1. Pop out the ³J(HN,Hα) list for the range 445-454 in order, Karplus 6.51 cos²θ - 1.76 cosθ + 1.60 with θ = phi - 60°, rounded to Hz; leave Gly and Pro as x.
2. What is the magnitude of the charge dipole of the range 431-533 about its Cα centre, with +1 placed on the Cβ of each Lys and Arg, -1 on the Cβ of each Asp and Glu, and no other charges, expressed in debye to the nearest 20?
3. How long is the chain along each principal axis, judged by its Cα atoms, biggest number first, in Å?
4. How large is the Rg to Rh ratio of the range 353-508 when both quantities use alpha carbon positions and Rh follows Kirkwood?
5. Taking Cα centroids, how far is the range 159-196 from the range 485-534 in Å?
6. Arrange the peptides 425-436, 146-157 so that the one whose residues have, on average, the most other Cβ atoms within 10 Å appears first.
7. Among PRO390, PRO459, THR43, pick out the residue whose Cα is farthest towards the positive end of the charge dipole of the chain, where Lys and Arg carry +1 and Asp and Glu carry -1 on C-beta, about the Cα centre.
Amino acid sequence: MLLTTLTAALLAQVTHTGSARGATPVYRCELGAWEPAFDHDLTGFPNPPATSFNAVHMALIPVGPKRGQVLVWDEPDGPSSPGSWMQRWSIVDPAPTPAFENHELAMPNGLGDLFCSGHCWLPDGTLFVAGGTTRYARANQSYLAGHLAYRFDPSVTGNGAWTRLRDMATDRWYPSCILLAGGDVLVAGGTSDSSLPARNDCEIYDPTLGTWRLAASGSPLFDGPPQSQLEGYPRLFQLASGPIFLAGMSPLTARATWSNGVLAWTPMTASPTGERLFGSAVLFAGEPGCVDDRVLTTGGERPYSHSPVVHDEVELCAASASSAPAWDWVSLPRLSTPRWNHNSVILPDGEVLVVGGCARNELDPVQIFPKHAELFDGTAWRSCASAASPRDSHSTAMLLPDGRVLTAGGESRTRDYQVFQPPYLTCGGARPVITQAPTAVQTFDVAGASYTVDFAPLPQGVSLARLVLARAGSITHHSDFDARHVVLKATSIASTSATFEGPASHAQTPAGGYLLFLVTNEGVPSAASWVRVL
């Protein structure tokens, strides 16, 4: 099991020098498989993009008639005419015959759009979006930020509805948004102007009251040079242990708790890799019997030099540990190739899938785009099948309810979308079939309740090994603000049913929509059943 393996790596302080960096030879089915690539059908857009639609922002819909489909929006590149700002958006059904429902959102005059915003799912299944772009970089100009906030409700009859919320107090371009344990949203970092350092303050949005409050960092930790600040799209996580964890993109590693209405930050041991610009980070938020909260980072670029370095390093942090050296970053086996602007997805079996990215820095006149996917099982990486298209800057990737992974976008793409089938779908293993599952669960610290899920009989020798929750994703700029992998505590597993405790707390599983997967002893997951954590 991956979390257990990662825990062993932490306890042993495993290091990897990287002398043998290739993939282990595998059977063909273990390469996984890519389905035929497809492009965005532009039919229905009043003002279609000039060539194609780039799914820079992506979110898996957890409620309503479009549940399980994918909300995407692109880069409008400014108003189509003076004063006429709009935001293209679409709902994509990644079925074998893909379908698209294309729309435009008229934006407030002169206040920009939702490109380069941050977003996360709220407890009620609506998507919260904050920030964006009010000026695009043309003629040596920088990007300017916006202060808009919106809510997308996918449960509204038809195709859902966008509602403008109260504006933020500050303009933010490249902010991160995370749902906190208490149900509020933390909006952090970003910048007012792409030529300026990132902001070091945060704002808190209360979805129930519809109000904002500004929260200073409350720490001299962020008073240093630009490279030690929050950066754009800071890699932030609500930890199961309670605090908020900062895992990049700057060299800084820190943890924050609330104190008298101020975020009180504690510095932690910095990553030995340093800056990880547009690397990827994922959160394992708990497994029964293991220390909670592991954050795994992959790749990234070290910028601000004449020769930026693209990393192949992979590091792991026990983010909830009490002190050093327990919270020091541990080096794990490296990627087969350096990558930045790539995406990482935790699969239901606990393996980490890495797709896309660039192997060369942005100053290199000859770019290399790794098309092969990679899978990490906790001890080693193995190369998988190659995609049809590059997926570099502004690409996205997301776990789907049936266990496949949707990839999209990228500035160098040749096709708009492609779906990856992990090896657990291509090697012929028996999949559990859920026949009955709860539609809502409460956290164990509130209700102390247990729940039962029923499934069809499995073949001889195949048994149910674990139950996993995966939160509906919400990704942009190679950071999924929502995704988390939680292994539930099973109190009994029989031949056709399993009983499990509700997730530990809202810090481990913030309220909202989740995918419940059943995983066999062979590592094969069921198609998910949707469940709402209350």
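1. Per residue, the Karplus-derived 3J(HN,Hα) values read 5, 8, 10, x, 9, 10, 9, 10, 10, 9 Hz.
2. Working: 6 positive and 6 negative charges, 9 e Å.
So the dipole magnitude of the range 431-533 works out to roughly 40 debye.
3. 67, 52, 51
4. On the way: Rg = 19.1 Å, Rh = 18.3 Å.
Dividing the radius of gyration by the Kirkwood radius yields 1.05.
5. 30 Å
6. On the way: 425-436: 15.8, 146-157: 19.9.
Ranking, from highest mean packing down: 146-157, 425-436.
7. Positive-end residue among those listed: PRO459.
The numbers here are math on the coordinates, done by the rules we state, and not lab data. Remember, predicted model here, so these are calculated numbers, not experimental data. Because the Cβ atoms are built from the backbone with ideal geometry, glycine has one as well, and the counts that use them run over all protein chains shown.
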